[in-house]
Amino acid sequence: MDRFVFLLATGIADGVVFALFALSLVLIWRSTRIINFAAAAMAVTACYLALAVTDLTGSYWAGLIIAVLVGGTLGWAVERGVMRAARDPLSGVILAIGTVMVLQALTGILAGPQSRPAPVPFGDRPVIVGGVPTLSPYDLFVIAVAVTLTAGLHTLFARTSLGLQMRAAAFAPEMSRLLGVPVARMRTLGWILAAAVGALAVLLAVPGELGLDPHAGDPLFVSAFAVAVIGGLDSAEGAVIGGLLVGVLVSLVTGYLGAAVAPLGVLALLALVLLVRPAGLFAGVEARRV
Amino acid sequence: MNQNPRRIVLLTVGGLVVALAGTFLLDPYRNYLLALVAAHLCAIAGLSLLIGRTGQLSLGHAALMAAGGYGYVAGVKLGDGAVPDGLQPVLGLIVAVVTASVVGLLLGLAGARLHGPYLAGLTLAVVLALPALTSQIPALGGDQGLMVPFRSVPQALSSLIALEQWQAWIALTVVAVVLGVLATVDAGASGIRMRAVRDDEVAAALAGIRPGRIKVQAFVLSAAAAGAGGGVLCFVDSGVRPGGYGVTLSLLLVVGVVVGGTGRLAGAAIGAALVVLLPWLIGLGTSGLDLPAEAAQRLDGNLAVLVFGLLLIGLTVAAPTGALGLLTRAGASRKRSAPSIPTTSKD
Amino acid sequence: MTAALEIRRLTAGYGAEPVLREVSLQVPDGQVVTLLGANGAGKTTLLRAVSGLLPTTGTVLLREQDLSDVPPEQRVRRGLAHVPEGRGVIAELTVEENLRLGGLWRHGRTALRERTDAEYQRFEPLARRRKALGHQLSGGERQMLALARALVAAPDVLLLDEPSLGLAPQVVHSIMQTLRDLCDSTGLTVLLAEQNAAGALSIADRGVVLHLGEVRSDGPAAQIAQDEALRHAYLGY
Ligand SMILES: Nc1ncnc2c1ncn2[C@@H]1O[C@H](COP(=O)(O)OP(=O)(O)OP(=O)(O)O)[C@@H](O)[C@H]1O
Ligand SMILES: [Mg+2]
């Protein structure tokens, strides 16, 4: 039972990060109707630079700010430089794959293949509550950041005119232009925002299970993809719930069956959701056209 | 491009004979590379047809190749003692194709309900789960994979050709069969139905075509081709190891498809050659540079992936028809400049 | 009277072969000009070209300003609003959000509120459905919303593409009447593409008949309505 509580707590802490990262997929989906297969590779690249800055300055926070800035810049560059050329969903995926290969190769060449240790700003020992190990201060920090960010993004989209324009530009680009919405700028903004959130999520995830190596993004992307699909790609709330679900699942599978089995668990869940409820468990207004 | 079956058979057999003869011009290592190209060509041609004709983007073809590899091992074990030694590889290849087809059927059934990006995500998850699967099922041998007994050149030929050349012959024969089958299907009624489904599922359904079924059929066909490729790889390497069939290979197969021009079987050959030979050439180049071991290790593999990534982006942006498309377009524009020849070429 | 919108030798299309060939016409200030013609005549193409959605040659002048280098999203800032064929209500957004989008670029928060409230008063059924999503509206409600959204921007010139499509005759009549009243009371200028020639001509000041991408006739609405040969040949009534 103690073990179950511990795994549950860890799962929630991991799930929050999955949710945050899945949110970055949702953001790009919402602003461009593209699933960004390069999201994880972009975030991992930003994290490498962030850790380099942390090493240089000795400050975790300087690294964190760099992660967000570099993430956003990468989002801008990839959207303007590469994804603009996407003519249809298929070529969008292919362009993103090309981006993944370039980024992974570059980080591999510059940083080497080995996994890189990552610092934590707070203790990452679980606090013992009534004899049961639960969350660590670092986990609490991660949860606080994720909750704040999710709430902020929700406010942006639901309450501000900028968010309204971003949504309109995604749903109906041509009509939005007729109404005076600068659609191209909204797309770029969506990418910047999403990539910055993604980079932050990965930086938060690195000290945990993930670790940082050039290919660290692959399993993360698949988990986040599963999260986004479970929650429905249009739904930020769905991403949060899906993230917790996947986090807990992965934690329990890892704890009871071993870390090697986790990808199978994610695959099974993903296949189940895609086959049974392809619009996501929390489908929004418009059924996904699968 | 309407090709009748007779023409396809002639082309494949003719091409095979020329290729087999060509192996005499190559040294053993280059014959080995040729066998690798042929193995990759099986998978790339199948994937190219899948993407080009039905619009289904699979990032899981590395896993299907692996299925072929494991199938090959199973087939050889099955035949051990039951069939003559010389026929064991044939049995292995058959079981390889069947295994990959079955896995492909499962994936295809799931995929038929999904559009591009979702299918891509699901198949990517499959590839990533492959090491987990092999580590969980003891019969698959874990990270070490499985080995098959080494197969030397048959007695009758052993004085004539080296082992690598023999392997190249088998690989070329398999790829000829695969290409012949793919081209025949593509030229026939199924090819038309696949295109109809890709262009407009609803319209196709109204015309009495069942889009789901067509997509599954295409996926199975493509999986079978990948399985044949995986079987050949297993034959050439005398074994199968899950580490070789990761995301990177899956992405390389997509690169091969795009380089050759999506949906073009002849282009797939260019793609396969590039995917196999470029890393080798780059390796030759960097080893000539006399780099420190650490730097060489970092460049190894990564440099090729970098080039492939740039190529993928560049081609998708600039030349959606691939390298072969570029060549034919150059040819067509040269023709067009001669005013008397009307342009009839389409697609 | 000066022209609020003037189109000079406009050529536009989707591929190599142009759909519109050297079309010229004027929409005088404060008037309703209706654009008539059979299916495929090029009415929608003309309106899209005026909004900058298609590559064109020729000139579009809005109050004597050349719009050639102005991208579509900037044209609304110059006073041009466009209700496209099929209305363009964004299905995933609510009525309120659709409406606000129309005036986001122009108004501050409170001014926008006043403008949307004014439209809710003009189109009362919308006021009861503020929170409904676009795809939950009836055809008539959608048309109202599209019109209201264009009016929130307080445009000089309104391009309207087949507002009568799929609507009951009474609704068509009331929408036409609303347009006429708007022009008379606020000085709005309208270019109205219509299949329903009789209805459109009854409220229009002038009419332009397009056929296969060329102007066949251009004159006062009453004159076109009385020209039997023209009606038979191009307007089908
Ligand atoms: N997106 C497009 N791509 C290619 N051709 C088009 C496109 N849209 C319209 N056309 C062609 O342009 C011509 C004019 O079409 P347009 O939509 O302007 O006609 P219309 O007068 O608005 O007709 P309707 O009354 O049916 O709406 C038609 O021949 C049509 O086939
Ligand atoms: Mg029209």
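Would the range C:45-64 turn up any residue that is touching a His at 6+ places or on another chain (Cβ under 7 Å) and within 19 Å of residue C:208 (Cβ to Cβ)?
yes
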So is residue C:223 surrounded by fewer than 21 Cβ atoms within 10 Å (Cβ to Cβ) and not in a helix (DSSP H, G or I) or not? no
Run residue A:200 past the list (1) of a type outside the set (Phe, Trp, Tyr); (2) surrounded by fewer than 21 Cβ atoms within 10 Å (Cβ to Cβ); (3) more than 11 Å from chain C (Cβ to nearest Cβ) and report the number of the one that doesn't hold. (2)
Looking at the range A:251-268, which of its residues are more than 7 Å from chain B (Cβ to nearest Cβ) and farther than 16 Å from residue A:10 by Cα? A:265, A:268
Any pair with Cβ under 6 angstrom, 6 or more apart, that starts in the range C:157-171 at a residue that is within 14 Å of another protein chain (Cβ to nearest Cβ) and ends at one that is open to solvent by 20 Å² or more (accessible area, probe 1.4 Å) and within 12 Å of ligand 1 (Cβ to nearest atom): C:161/C:44; C:161/C:84; C:161/C:85
Filter result (within 16 Å of ligand 1 (Cβ to nearest atom) and either touching an Asp or Glu at 6+ places or on another chain (Cβ under 8 Å) or outside any loop (DSSP other than H, G, I, E, B) (or both)) within the range C:165-191: C:165, C:172, C:191
Subset of the range B:217-249 [touching a Ser or Thr at 6+ places or on another chain (Cβ under 8 Å) and closer than 16 Å to residue B:42 by Cα]: B:218, B:219, B:220, B:222, B:223, B:224, B:227
Report yes if some residue within the range B:189-205 is touching a Leu at 6+ places or on another chain (Cβ under 7 Å) and modelled with pLDDT of 85 or more; otherwise report no. no
Please go through (1) under 15 Å from residue C:35 (Cβ atoms); (2) away from chain A (no Cβ under 14 Å); (3) in contact with a Pro (Cβ under 9 Å, 6 or more places away or on another chain); (4) within 16 Å of ligand 1 (Cβ to nearest atom) for residue C:143 and return the number of the only condition it doesn't satisfy. (1)
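Scan the range C:29-50 and tell me whether some residue there is more than 18 Å from residue C:212 (Cβ to Cβ), within 14 Å of another protein chain (Cβ to nearest Cβ) and within 16 Å of ligand 2 (Cβ to nearest atom).
Within the range C:29-50, one or more residues are more than 18 Å from residue C:212 (Cβ to Cβ), within 14 Å of another protein chain (Cβ to nearest Cβ) and within 16 Å of ligand 2 (Cβ to nearest atom).
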Criterion (of a type in the set (Ser, Thr, Tyr) and either over 30 Å from residue B:259 (Cβ atoms) or without any contact (Cβ under 8 Å) to a residue 24 or more places away in the chain (or both)) met by exactly one of A:54, A:32, A:99: A:54
Inspect the range C:132-151 for any residue being open to solvent by less than 40 Å² (accessible area, probe 1.4 Å), not in a helix (DSSP H, G or I) and not aliphatic (A, V, I, L, M) and give the result as yes or no. no
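Tell me, please, whether a residue that is within 16 Å of ligand 2 (Cβ to nearest atom), of a type in the set (Ser, Thr, Tyr) and assigned by TED's automatic domain parsing to the domain that holds residue C:225 can be found in the range C:57-78.
Of the range C:57-78, the ones within 16 Å of ligand 2 (Cβ to nearest atom) are none.
No: the range C:57-78 contains no residue that is within 16 Å of ligand 2 (Cβ to nearest atom), of a type in the set (Ser, Thr, Tyr) and assigned by TED's automatic domain parsing to the domain that holds residue C:225.
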In the range A:129-161, residues that are free of Cβ contacts under 8 Å to residues at least 12 places away in the same chain and over 22 Å from the mean Cα position of the chain (by Cα) total 5
So residue C:152 fits all but one of (1) more than 16 Å from ligand 2 (Cβ to nearest atom); (2) out of contact with any helix residue (DSSP H, G or I) (no Cβ under 7 Å at 6 or more places or on another chain); (3) within 12 Å of chain A (Cβ to nearest Cβ); what number is the exception? (2)
Here's a check for you: in the range C:91-115, which residue that is touching a His at 6+ places or on another chain (Cβ under 9 Å) and of a type outside the set (Asp, Glu) is nearest to the other protein chains (Cβ to nearest Cβ)? C:91
Tell me, please, whether a residue that is in contact with a His (Cβ under 7 Å, 6 or more places away or on another chain), more than 22 Å from residue C:147 (Cα to Cα) and within 16 Å of ligand 1 (Cβ to nearest atom) can be found in the range C:222-234. yes
Going through the range A:234-250 in order, the residues found to be open to solvent by less than 10 Å² (accessible area, probe 1.4 Å) and within 14 Å of chain B (Cβ to nearest Cβ) are A:242, A:246
Among the candidates B:284, B:277, residue that is under 24 Å from residue B:318 (Cα atoms), of a type in the set (A, V, I, L, M, F, W, C) and either open to solvent by 30 Å² or more (accessible area, probe 1.4 Å) or free of Cβ contacts under 8 Å to residues at least 24 places away in the same chain (or both): B:277
Which of the residues belonging to the range C:12-25 are under 16 Å from residue C:209 (Cα atoms) and buried (at least 19 other Cβ atoms within 10 Å of the Cβ)? C:19, C:20, C:23, C:25
Does residue B:123 count as among the β-branched types (Val, Ile, Thr) and within 14 Å of chain A (Cβ to nearest Cβ)? yes
Give the residues of the range B:253-273 that are more than 21 Å from residue B:97 (Cα to Cα) and open to solvent by 20 Å² or more (accessible area, probe 1.4 Å), sorted by residue number. B:262, B:264, B:266, B:270, B:273
Mind telling me which of the residues C:162, C:194, C:214 ends up being within 16 Å of ligand 1 (Cβ to nearest atom), over 26 Å from residue C:76 (Cβ atoms) and at pLDDT 90 or above? C:214
So residue B:153 fits all but one of (1) β-branched (Val, Ile, Thr); (2) buried (at least 17 other Cβ atoms within 10 Å of the Cβ); (3) within 20 Å of the chain's Cα centre (by Cα); what number is the exception? (3)
Can you tell me which residue is nearest to the other protein chains (Cβ to nearest Cβ) among those in the range C:56-77 that are surrounded by fewer than 16 Cβ atoms within 10 Å (Cβ to Cβ) and under 17 Å from residue A:175 (Cα atoms)? C:77
Among the candidates C:213, C:207, C:187, C:199, single out the residue that is within 19 Å of the chain's Cα centre (by Cα), small (Gly, Ala, Ser) and more than 19 Å from residue C:161 (Cβ to Cβ). C:187
Just to be sure, is residue A:100 within 14 Å of chain B (Cβ to nearest Cβ), surrounded by 15 or more Cβ atoms within 10 Å (Cβ to Cβ) and either in contact with a helix residue (DSSP H, G or I) (Cβ under 8 Å, 6 or more places away or on another chain) or modelled with pLDDT of 85 or more (or both)? yes
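The values are calculated or read from the model by the stated rules, or taken from the named source; none is laboratory data. Here the structure is a predicted model, which is why all the values come from computation and not from measurement. We place every Cβ from the backbone using ideal geometry, glycine too, and count neighbours over all the protein chains shown. Side chains are part of the model used for accessible areas, which takes the heavy atoms of the whole protein and leaves out ligands, DNA and RNA. Shrake-Rupley method; radii C 1.70, N 1.55, O 1.52, S 1.80 Å.
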